[in-house]
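Only one structure is covered here, and it is reproduced in the block below.
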Amino acid sequence: MYNKKRLVGGTGASFLVVALVGMIVLSSGTAYAAPLASGSGFTVEADEIRSDEFLLYPSAGEGDQGETPVVVVEQRGVEIDGLVLTREQEVPMMDGTMEISFTADETVTADEQYIKLTGLDAENAEFNGQVINAQSSENPEQQFQQTAGENADPEEGYLTNVSGEAPGMVQEDVEIDMVYLASNEITLPGLDVGVEYNSSE
């Protein structure tokens, strides 16, 4: 359990799918790559995020400013309470910025998600059956991994009994900076999309 700890790579989110979901009804096999993002990308906040299975590893991603180091989070059986996704950017041919927001007023559910994030803060985080493993591999993405939940594959110890059960990860009061999110299937009940323009004059 971590208190006020920068989890750079915690789950992420799982949530973002909302990013381009805006006016779209999410369906299976769809990826949303955040064309709404500028600079670091977009921000997702949530009261609580839960996933049955969780995998984290380092990789590379691309934001508005080009290539950037990221942490990849893959998860299954995702639930998100209090989802808020925001993105601020310049408005083409206008002197000002706009803030786009996506909110859901009920629990968001997703079956599988693939997320690239650049930072994560959580008031509290819990992992069930957590395994953090540094290992030899020609693939940099497999040299360091964190798993939790039913997909965890811990070594047996003499005193410890690490088991992977659901939910594998629970995070409370979460804020995540993302540059990419793909979801196989997601449900966003009570979706609301807001746009606020801020003139620089």
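The values are calculated or read from the model by the stated rules, or taken from the named source; none is laboratory data. Just so it is clear, the model here is predicted, and its values are computed rather than measured. Virtual Cβ from ideal backbone geometry, glycine too; neighbours counted across all protein chains shown. What goes into the accessible areas is simple: the full protein's heavy atoms, side chains included, and nothing from ligands, DNA or RNA. Shrake-Rupley method; radii C 1.70, N 1.55, O 1.52, S 1.80 Å.
Structure values in brief
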| item | result |
| --- | --- |
| Residue pairs meeting the criteria (Cβ under 7 Å; at least 6 apart or on separate chains; first in contact (Cβ under 8 Å) with a residue 24 or more places away in the chain, in the stretch 137-156; second open to solvent by less than 90 Å² (accessible area, probe 1.4 Å) and charged (D, E, K, R)) | GLY149/ASP52; GLY149/GLU53; GLU150/ASP52; GLU150/GLU53; ASN151/GLU53 |
| Exclusive hit being touching a residue at least 12 places away in the same chain (Cβ under 8 Å), among the charged types (D, E, K, R), buried (at least 17 other Cβ atoms within 10 Å of the Cβ) and in contact with a Pro (Cβ under 8 Å, 6 or more places away or on another chain), set ARG87, ARG50 | ARG50 |
| Number of positions in the stretch 53-78 that are open to solvent by 30 Å² or more (accessible area, probe 1.4 Å) and under 29 Å from THR97 (Cα atoms) | 7 |
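To keep it simple, each residue is scored yes or no on (1) assigned to a strand (DSSP E or B); (2) at pLDDT below 50; (3) under 13 Å from the mean Cα position of the chain (by Cα).
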residue	(1), (2), (3)
GLY9	no, yes, yes
GLY12	no, yes, yes
GLU48	yes, no, yes
LEU55	yes, no, yes
GLN75	yes, no, yes
PRO92	no, no, no
